[in-house]
Amino acid sequence: MFSLNDDSQKQEHISASSVIVTNNVSSYMDKIWIGLLISLLFVLISEIAMFCILRFIPSDFENDITKLTSLFIPNFEYFKKHIIIPNCLCWIFYFVFKILFHKATFKLKKVCICSVYLLCATIYAFEHIGFNFLSVLYCIPLILSCPLGKKSHISVFFSAILLHLAYTVYHFKINPTIYDILVAALTLMIIVAIFFITVYIYNTLMTALSEVKNYEKLNTDLKIRLYHDNLTRAYSKSALMNESKSISAYSSIAFIDLDNFKSINDTYGHDIGDEILKTLVRTFQNQGENVFRYGGDEFIVLSHLLAEEACEKIKKIKKDFIHHCETQYHMTATFSAGIVEIKANTDLNKLLKESDNLMYNAKNSGRNRIVLK
């Protein structure tokens, strides 16, 4: 019988590759969450710092404070409304989406990450301390340009800085206040921070997606190798075992074994023997049959025809196979077969055993025969 060692090694290879890539992707995703955590902390600390500066600014800047009060009231009501509440919402979104992230599929994981970043950015855009909305708009093209490539992203980054500086100079006019300077400086810091954060997130996601695509290609290649015989391109024994779950979809099973295959190898060489195996599989496949290599020269055919109809079809295939061998290799090659009809709720192993016994009956009766139960 055919050993499953090779197929088992392939299965282990697939499992090992899956584990490695899954761990790598999970690692990349975790880094993105860490990046968001750092961003939230940065914003929270910077907002509290600005509030403290504006709240406890020295009396030397009384004129500035007078102007500030028309734009910003540094009291604790504002602290609660514009700092505590928005940040609490962002942190709630962070933890909720992180919980969903760990329970989601890979595609939904990407949705979770994009959603929480978008929600947090929206909250900060509309509730940031005294920021002119135009300042926030600088960051939108900066974020959107990231997928366009490194050069485009850097160009937009410097454009955003120049626009911000131009707006700041125009807004300052002659007598800028301390508040104006702080807001301009913090806006510049946020533009720079968003640039590096978006580059980091984009590169991390692209690396993760690349890993996934490589894994999917590897997984597809390994599955082809696992479920197909390398020599004959018939389905493998592993594929046959996998079909046991849906064996009732077929009507009959045939156990095929080449006659005197050892003598063919000894007389004509293993290269010709390999070609005979390929010819046998190709002949069945040309007739639309599902062929599985079960052993060295043993094959299983799962047919949608009833046993008697399958028997007649296999007789025709056998004639074609003998003709191909005579014309192409100038030799006579035959096979024996045992056919069993598949009943409802029949076990595959039982069917294999019955068809195997019938095949040996065919050999014992003189070979080059088909025995039907």
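Please find, within the stretch 224-248, the residue that is farthest from the chain's Cα centre (by Cα) out of those that are farther than 25 Å from Phe335 by Cβ and exposed (fewer than 15 other Cβ atoms within 10 Å of the Cβ).
Ser248
Output the qualifying pairs, or none if there are none: Cβ atoms under 9 angstrom, residues six or more apart or on different chains, first residue in the stretch 264-277 and of a type in the set (Ser, Thr, Tyr), second residue buried (at least 21 other Cβ atoms within 10 Å of the Cβ).
Pairs that qualify, where the first residue is of a type in the set (Ser, Thr, Tyr) and the partner is buried (at least 21 other Cβ atoms within 10 Å of the Cβ), are Tyr268/Ile276.
Taking only the stretch 320-347 into account, find how many residues are outside any helix (DSSP H, G or I) and open to solvent by 90 Å² or more (accessible area, probe 1.4 Å).
4
Considering each of Ser135, Ser159 in turn, give the residue that is farther than 19 Å from Phe42 by Cβ and either among the small types (Gly, Ala, Ser) or at pLDDT 75 or above (or both).
Numbers: Ser135 fails: farther than 19 Å from Phe42 by Cβ.
Within the list Ser135, Ser159, the selection yields Ser159.
What residue, among those in the stretch 266-319 that are in contact with a helix residue (DSSP H, G or I) (Cβ under 6 Å, 6 or more places away or on another chain) and small (Gly, Ala, Ser), is farthest from Glu341 (Cα to Cα)?
Within the stretch 266-319, the match that is farthest from Glu341 (Cα to Cα) is Gly273.
Suppose we keep only residues that are polar (S, T, N, Q) and in a loop (DSSP other than H, G, I, E, B) within the stretch 258-294. Which one would you say is most open to solvent (accessible area, probe 1.4 Å)?
Asn260
Kindly indicate which of Ile300, Ile314 is modelled with pLDDT of 95 or more and not in a helix (DSSP H, G or I).
Ile300
Quick check, is Ile317 open to solvent by less than 10 Å² (accessible area, probe 1.4 Å) and within 24 Å of Ser238 (Cα to Cα)?
Against the criterion (open to solvent by less than 10 Å² (accessible area, probe 1.4 Å) and within 24 Å of Ser238 (Cα to Cα)), Ile317 does not qualify.
Just to be sure before I move on: is Ile190 closer than 21 Å to Met50 by Cβ, at pLDDT 65 or above and surrounded by 13 or more Cβ atoms within 10 Å (Cβ to Cβ) in the structure I sent?
yes
Scan the stretch 317-373 for residues that are among the acidic types (Asp, Glu) and within 23 Å of Met241 (Cβ to Cβ) and report the count.
Looking only at that region, the number is 4.
Specify which of the listed residues (Asn361, Asn345, Asn349) is at positive phi and either of a type outside the set (D, E, K, R) or in contact (Cβ under 8 Å) with a residue 40 or more places away in the chain (or both).
Asn345
The values are calculated or read from the model by the stated rules, or taken from the named source; none is laboratory data. Keep in mind that what you see is a predicted model, and the values were worked out from it rather than measured. All Cβ positions, glycine included, derive from the backbone under ideal geometry; neighbour counts span all protein chains shown. Please note that ligands, DNA and RNA were not included when accessible areas were found on the heavy atoms of the full protein model with its side chains. Shrake-Rupley method; radii C 1.70, N 1.55, O 1.52, S 1.80 Å.
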